[in-house]
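Q: Sharing a structure here in structure tokens format.
The values are calculated or read from the model by the stated rules, or taken from the named source; none is laboratory data. Just so you know, these numbers come straight off a predicted model, no measurement behind them. Reconstructed Cβ throughout: ideal geometry from the backbone, glycine too, with neighbour counts over all protein chains shown. Keep in mind that these areas ignore ligands, DNA and RNA; they rest on the heavy atoms of the full protein, side chains included. Shrake-Rupley method; radii C 1.70, N 1.55, O 1.52, S 1.80 Å.
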Amino acid sequence: MQENRFIQENKYFSYNLGKLPEGCRYCVKGEKLVLFITGECPRRCYFCPVSDQKYQKDVIFANERKIESFADVIAEAEAMDAKGAGITGGDPLCKIERTTEYIQKLKKHFGKDFHIHLYTSLNLVTLELLKKLHEAGLDEIRFHLDLDSKKLWNNLELAKEFKWNVGVEMPLIPNKEKETKAVIDFIHDKVEFLNLNELEVADNEQSKLLQLGFQTKDQLSYALKGSLELGLAMLEHVQAKGYKISAHLCTAKLKDAVQLSNRIKREAKVSRNKFDLVDEEGMLTRGALYFPELAPGFEYRKQLELCDKNYFIGRLKPLCDKIKKDLKLKDDDFKIDMYKPRIILAKKQVLKNKKKFIKLGLLPAIVTEYPTADQLEVEVEFLK
């Protein structure tokens, strides 16, 4: 496979022939909420990127936030000032009623211009289910075709019965050049766009890529060696055949350096507290007061899942009252973190008053973390 030197990398570190699909145009700006509607799926793909926490489990996530009710979806969308949502899984068609309900509610809350696209295989596709999605307000649908079987490919034609954007999205598996070309030759006049994904090795039980002999580009990358080169060859194939379909090669670099980065910055801008310091990457630096038995360390995430948060929050409230009074703080100068039972406040307050906090039985720290719902720690410095 030779790289086509005439296909230039765009400003998003990806490659495209024709316009980017509308859903992608929102994604690259970090404007799309990722709505994981269920982990259930009729397929068992050996390259599946879904985490063990979600794989074949009926759970719902919006970005990193676990969803207990639709109000949580709205909270996450508003926290990042989302302009649209990408519905994924699993296969959203496994839970068609939930999927259509969420589409309708998102449109009702944010308006008809809130752009929603959805990913599905062809395994569960029927005219009836597609009609439900269309009537709910879905703007764009992306199908994953089975590279190793053409049995269901004709189901793609059913989507042409409705007015929406239809595309095909597929992983770039280095040893599947012939099969990938066959898909392109089949779909080029049946859909508006093709999205090719540089494949990454997932850190889960389901992904068998490494066991099958595939390799990553290098020790610092999860991207599969040869995947990007296959994508460039497929864009060249589209050119050589004179196909009019828009095609986009979505790279691992785009996902990390552009899409995720832009979303993080949006979340930081919207959800930061008055006392948070925000760096150019959107990371938040703040002071934090922990109970020693519930502070970041070994298996901290597991502790958060298993602990009685209400118990710890109950213990924090009288401490908050005392800290507010002693330091003469305003209500927006500090906050009880309900997800990680702790008190968060300005970095300078923790540095200035660390001895007072220690006397209260609290463990003061300066933390830098993501502005996302899970508040993943980048750096934690405990003060003694």
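Q: With the contact rule set at Cα under 8 Å and sequence spacing of 6 or more, what percent relative contact order holds for the stretch 1-148?
A: 23
Q: Could you calculate the FRET efficiency of E293 with C45 from 1/(1 + (r/R0)^6), where r is the beta carbon distance between them and R0 is 41 Å, rounded to 0.05?
A: With a Förster radius of 41 Å, E is 0.50.
Q: Report the relative contact order of the chain, percent, no decimals, based on alpha-carbon pairs under 8 angstrom and at least 6 residues apart.
A: Computed value for the chain: 17 percent relative contact order.
Q: Arranged from highest to lowest average of other beta-carbon atoms within 10 Å per residue, in what order do the peptides 214-220, 234-240 appear?
A: Packing proxy ranking, top to bottom: 234-240, 214-220.
Q: Carbon-plus-sulfur fraction of the accessible area of the stretch 291-384, 1.4 Å probe, in percent?
A: Here carbon and sulfur together make up 54 percent of the probe-accessible area.
Q: Could you tell me which of G226, C250, L212 has its Cα farthest along the dipole of the stretch 198-341 towards the positive end, charges placed at Cβ (Lys, Arg +1; Asp, Glu -1), taken about the Cα centre?
A: C250
Q: Accessible area per residue for the stretch 163-218 in Å², computed with a 1.4 Å probe and the full protein assembly in place, what is it?
A: 46
Q: Taking the Cα centre as origin and putting +1 on Lys and Arg beta-carbons and -1 on Asp and Glu beta-carbons, what dipole magnitude results for the stretch 30-101, to the nearest 20 debye?
A: So the magnitude is around 320 debye.
Q: Another one. Have a look at S221, S207, S149 and tell me which one the Gaussian network model of the chain (Cα, springs below 10 Å) gives the largest fluctuation.
A: With Cα springs under 10 Å in the chain, the top fluctuation among S221, S207, S149 is at S149.
Q: Against the longest alpha carbon principal axis of the chain, how many degrees, from 0 to 90 and to the nearest 10, is the axis of helix 227-241 turned?
A: 40
Q: Taking the Cα centre of the chain as the origin, how large is its charge dipole in debye, to the nearest 20, when only Lys and Arg (+1) and Asp and Glu (-1) carry charge on their Cβ atoms?
A: In debye, rounded to 20, the chain gives about 1440.
Q: Next up: Ranked highest first by the average count of other Cβ atoms within 10 Å around their residues, in what order do 318-326, 269-277 fall?
A: In decreasing order of mean packing, 318-326, 269-277 become 269-277, 318-326.
Q: Can you work out the FRET efficiency for the pair V59 and K19, with r the C-beta to C-beta distance and R0 = 41 Å, to the nearest 0.05?
A: 0.75
Q: Specify the angular offset, from 0 to 90 degrees and rounded to the nearest 10, of the alpha carbon long axis of helix 261-271 from the longest principal axis of the alpha carbons in the chain.
A: 40
Q: With angles folded into 0 to 90 degrees, how steeply does helix 309-327 sit against the dominant principal axis of the chain? Use alpha carbons for both and round to 10.
A: 50
Q: Something else about it: Please compare each pair in K95/K132; K151/K241; K269/K340; K322/K359 to a cut-off of 19 Å on the Cα-Cα distance and tell me which ones are over it.
A: K151/K241; K269/K340
Q: Calculate how many DSSP beta bridges within the chain are antiparallel, expressed in % of all such bridges and rounded to the nearest 5.
A: Looking only at bridges with both residues in the chain, the antiparallel portion is about 50 percent.
Q: OK, next. Picking from S14, S51, S227, which is most flexible by a Gaussian network model of the chain using Cα springs under 10 Å?
A: Checking each option, the largest mean-square fluctuation is seen for S51.
Q: Could I ask something else about it? Taking a probe of 1.4 Å, how large is the accessible area per residue of the stretch 1-107, in Å²?
A: I get 46 Å² per residue for this part.
Q: For C307 and Q239, calculate 0.36 nm times their separation in residues minus their Cα-Cα distance, and state this gained length in nm to one decimal.
A: Working it through step by step, the gained length comes to 18.8 nm.
Q: Moving to a separate point now. In the stretch 120-235, carbon and sulfur make up what percent of the accessible area (probe 1.4 Å)?
A: Carbon and sulfur: 47 percent of the exposed surface of the stretch 120-235.
Q: To continue, here is another question. How many nm is it between the label spots at K324 and E205, if each spot is 7 Å from the Cα in line with the beta carbon?
A: Using points 7 Å along Cα→Cβ, the separation is 4.6 nm.
Q: Could you check the simple spin-label distance between E97 and K131, using points 7 Å along Cα→Cβ, in nm with one decimal?
A: Modelled inter-label distance: 1.8 nm.
Q: Output the peptides 358-365, 138-145 sorted from most to least packed, where packing is the average of other Cβ atoms within 10 Å over each peptide's residues.
A: 138-145, 358-365
Q: To the nearest 20 debye, what charge dipole does the stretch 235-371 have about its Cα centre, counting +1 at the Cβ of each Lys and Arg and -1 at the Cβ of each Asp and Glu?
A: Dipole of the stretch 235-371, to the nearest 20 debye: 540 debye.
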